[in-house]
Amino acid sequence: MPFGLKSVLLGGCCCLVFWAGCGDVPVPTALEVQSWTFQDTSGLWRTADVPGSIHTDLLVHNLLPNPFADQSELDVQWVENRDWTYRTVLHSPPDDGEWALEFAGLDTYAEVEVNGVGVLSANNMHRTWRIPEADLSLAGYDTLVVRLLSPIRMGQAALDGSPWPVPASNEAKPIGRQTSAVTRKAMYHYGWDWGPRLATSGIWKPVRWVRTDLELPPFRLMVESADTAMANCRVRWERPVSDITARLQKDGQDVAMQWVRIDSVTHQFTVAHPDLWWPNGMGDQPLYQLLLSGSDGQRANWRFGIRTLAWNRAPDAHGHAMQCVVNGVPVQARGANVIPPDFFPVRAETRWRRVIEDAVAAHMNMVRLWGGAHYGDERLYDLCDEWGILVWQDFMNACAMVPGDAAWRANFLAEAEQQVRRLRNRTSLAIWAGNNESEKAWRDWGWQDMYGLHGADSAAVARAYQVVFEAALPELVARLEGGEYQPSSPHHLDLEQPKASGDQHDWGVWFGKTGFEYYTDEAGRFASEFGLQSLPDRRTLQEVGVQDWTDATLQFRQRCTMDWLEPGFDGWDMMRHYAAMYFADPEAVDVANWTGGDRLAAWTYMSQLTQAEGLRQAVERHRCSQGRTSGSLYWQLDDVWPTVSWSTVDHAGRWKLAHHAVRHANQPVRIVPDRSASSWMALNAGPDPVRGTLTWAHLSLTGDTLTSGQRALDVSAFSEARLSFMPWSQEALCAWSWRNETGQIVDEGIFFPRPVSQVDWPASSVRVEPTGDGVMLKTGAPTAGVWLRAEHAGRFEDNGFLLLPHCPKRLRFLDPDGAPADPGLVRVTHFAEVQSALKPSI
């Protein structure tokens, strides 16, 4: 029988039991250890949640203010400086078989005791720890204690023992007290420019007994070649095996396969006429089940998609390519960077589904799991496998160098080995990067002067980095057949020409104050970061105590400082810079004469419109680069807490206008303006040819038709076409509709090449007609930046768009579960209202 699970009661302790089939007799393979307590500051023992953290346990018992509300982050900093103790009664596993006590995640420094005897010293949040039952002196009813030591105290001791400073400039502490670089813990816990400092401790993953004698050795499953006729697959074991039998299933039905033993560590199998797995938008994501059985009852069951994946880094006209290739087809990566969707991992696990749903809804096919966080749980990768989201996986190190001692290096490499083994067979896994921005930071951020690292010290720090990321880690990934690896993100083959190879973190827009044409003029080979800040939905801010623009809590959330531009310059100033360039300075709006709301509403509207336009242009410019830029992963999709940040979906799950914009820009089948050539591109990233008719019209700013046309337009699968026949105008709106042979609209849109701020938009009013599950919108003149706000929870199918006269727009309203719903009272704001309320000067 395949795996199942059941709850049983063992000695009064409720445990989760995973069953493996062994003939007709179910065999337990994992028993979860539960009923934990923790000791509070008064010495009282209280119930604890495992998995969890000390912060979330203190919150449950009202011993801590909500660190997300108001400025309570400052009031809970004491937690990081204390040790914390957890305990439970440990019941022995069944007598049959060989068992080990497994700690899937301890954050971070932990001393584990059984009956007062030390059995484990852990020092890495990202590792799993096992203790064989044979190494434990158990009486059948035993006390298990986990003492979590202050990560700050332990980290400071490690830092003080280093012969040189270890740079970690993103940590919110002064030099000499930045301990994140020497501690194997999620680095965002120490503060970032989009998140709080909450250096928590906890048992953040399950503790359980696992039956080790029923485990097969680790193996690498590789699809070596595949097309619609035949797939050739290989299973390579890390230890010799014998008498392994295999079955292949799809949708619960057996699939014919040829299973052949090549030698003691290798099996091969073939599948005739396989259903291939494709990234989202390029095809379907069928998944097979490989069920493996050993002669002594060992079992393994792995779900996978049949696909090939490689990276093209060959020389080309622009330097060296960097493009993912799936099933022989080049992939234009469209996606975003993701961070944990809640600060506390136990709460983030329940939110990952929403994050990936939002990625799929925005037509993404890749996400980057950023290296300053923690590796995802199994469900996250399951979702990516199921929905066709390729994963760019950073190893966990960000904006920091590394210690040079052998113990730290061994700890990090043990973590990496576990994670590569865990993730290497994932169909969605596309690439590993050694770290986030550490290579670039050492080269460009002035750390040598900032940290006083010169001469021998500078050489030693550089050498410690190179040993890990340029020698040991690539060797480890290659030995374990983990897939594509690069030492850092960004990383280039030629430092003198960084745009000609590798990936880029394109921050000329934002940190460089350049205009959006930067995304064309400075295009690299793969944009793995770029972005703009905006405010979240007002309700998201209200939920943490923000009522208006002047609230100290809101100002407290702005963590992006740029003193190198000018003293005191921060994210608010940069948002004003870009809003004024493309829309309007929110401080220039006379809110007393504006119908859209107060100063906070002006900031929210202008910042979200600007972010939407910037990300839309970036993605469209990348897609029109004719092979130069093969990936667009903006920073960032989600938030760890309610804040002002670069996210396109706020912490409460409310879409900003930018998420609607990237949804349009990412559409697999799309007409896209090529601003660099003043022409149009028809893009078809899908698996089927599109044959049909393109209709277009140029309109004046009063809504009158100036020119129009119609032309047959056929675009093959996975290809693009330049539309030389479709005229371009700098002064007119262009509206188009592309219909296929059956008359179905495959794409439609409206485009105006000039910044909205440069146009005197006609006065107009938008009529809202309820439809029961949404609205019908009508206007008498071209209306830019239509912003809809609903009374009820949910979102409209589209928002932040340009509405034309004589073109009613019907929009459904979707509740938080994605079902059509009544939006309630709908408030409409548009940009002409802002223009009419602008102060003469500011």
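The values are calculated or read from the model by the stated rules, or taken from the named source; none is laboratory data. Values in this document were obtained by computation on a predicted structure and should not be read as measured data. Don't worry about glycine lacking a Cβ; one is built from the backbone with ideal geometry, like all the others, and counts go over all protein chains shown.
Side notes on the structure shown:
- Residue match in segment 693-714 (condition: modelled with pLDDT of 95 or more and closer than 30 Å to D537 by Cα): no
- Filtered residues of segment 153-181 (kept if buried (at least 22 other Cβ atoms within 10 Å of the Cβ), under 22 Å from R82 (Cβ atoms) and touching a Ser or Thr at 6+ places or on another chain (Cβ under 7 Å)): G155, E171
- Set side by side, the residues S42, S53, S35 differ, and just one is under 17 Å from T200 (Cβ atoms), of a type in the set (G, A, S) and at pLDDT 95 or above, which is S53.
- Only one entry of V255, V223 meets the criterion of being among the β-branched types (V, I, T) and either in contact with a Cys (Cβ under 7 Å, 6 or more places away or on another chain) or touching a residue at least 60 places away in the same chain (Cβ under 8 Å) (or both), and that entry is V223.
- Among (1) of a type outside the set (D, E, K, R); (2) within 30 Å of L838 (Cβ to Cβ); (3) surrounded by 14 or more Cβ atoms within 10 Å (Cβ to Cβ), the one test that Q758 misses: (3)
Let's see how each residue does on (1) touching a helix residue (DSSP H, G or I) at 6+ places or on another chain (Cβ under 8 Å); (2) of a type in the set (V, I, T); (3) outside the structural domain of D714 (by TED's automatic domain parsing):
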| residue | (1), (2), (3) |
| --- | --- |
| S729 | no, no, no |
| N740 | no, no, no |
| G743 | no, no, no |
| G749 | yes, no, no |
| S765 | no, no, yes |
| E769 | no, no, yes |
| M776 | no, no, yes |
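- Looking across H505, H577, H491, one residue alone is in contact (Cβ under 8 Å) with a residue 12 or more places away in the chain, more than 28 Å from T427 (Cα to Cα) and not hydrophobic (A, V, I, L, M, F, W, C). It is H577.
- Taking first residues from segment 262-280 that are closer than 25 Å to D382 by Cα and partners that are acidic (D, E) and assigned to a loop (DSSP other than H, G, I, E, B), the Cβ contacts under 9 Å between residues at least 6 apart in sequence or on separate chains come to P274/D227; D275/D284; L276/D227; L276/D284; W277/D284; W278/D284.
- Selection of first residues in segment 21-49 that are farther than 16 Å from R87 by Cβ and among the hydroxyl-bearing types (S, T, Y) and of second residues that are assigned to a strand (DSSP E or B) and at pLDDT below 85, restricted to Cβ pairs under 6 Å at least 6 apart or on distinct chains, gives the following pairs, ordered by first then second residue: T29/F18; T29/A20.
- Qualifying residue in segment 456-467 (condition: under 26 Å from D563 (Cα atoms) and either at pLDDT 95 or above or not assigned by TED's automatic domain parsing to the domain that holds H577 (or both)): yes
- Only one entry in S534, S528 is under 28 Å from V326 (Cβ atoms) and assigned by TED's automatic domain parsing to the domain that holds D573, namely S528.
- Matching residues, segment 548-561, being over 25 Å from the mean Cα position of the chain (by Cα) and over 13 Å from Q71 (Cα atoms): D548, W549, T550
- The set of residues from segment 129-174 being of a type in the set (V, I, T) and either at pLDDT below 95 or over 30 Å from C399 (Cα atoms) (or both) comprises I131, T143, V145, V146.
- Condition check for R127: under 24 Å from T29 (Cβ atoms) and in contact with an Asp or Glu (Cβ under 7 Å, 6 or more places away or on another chain): yes
- Out of P782, P687, sole residue that is on the phi < 0 side of the Ramachandran plot, in the same structural domain as P808 (by TED's automatic domain parsing) and either of a type outside the set (V, I, T) or modelled with pLDDT of 95 or more (or both): P782
- Residue within segment 757-774 that is within 32 Å of the chain's Cα centre (by Cα) and more than 16 Å from L657 (Cβ to Cβ) present: yes
- Of all residues making up segment 434-487, the number that are more than 21 Å from G502 (Cα to Cα) and either outside any helix (DSSP H, G or I) or basic (K, R) (or both): 10
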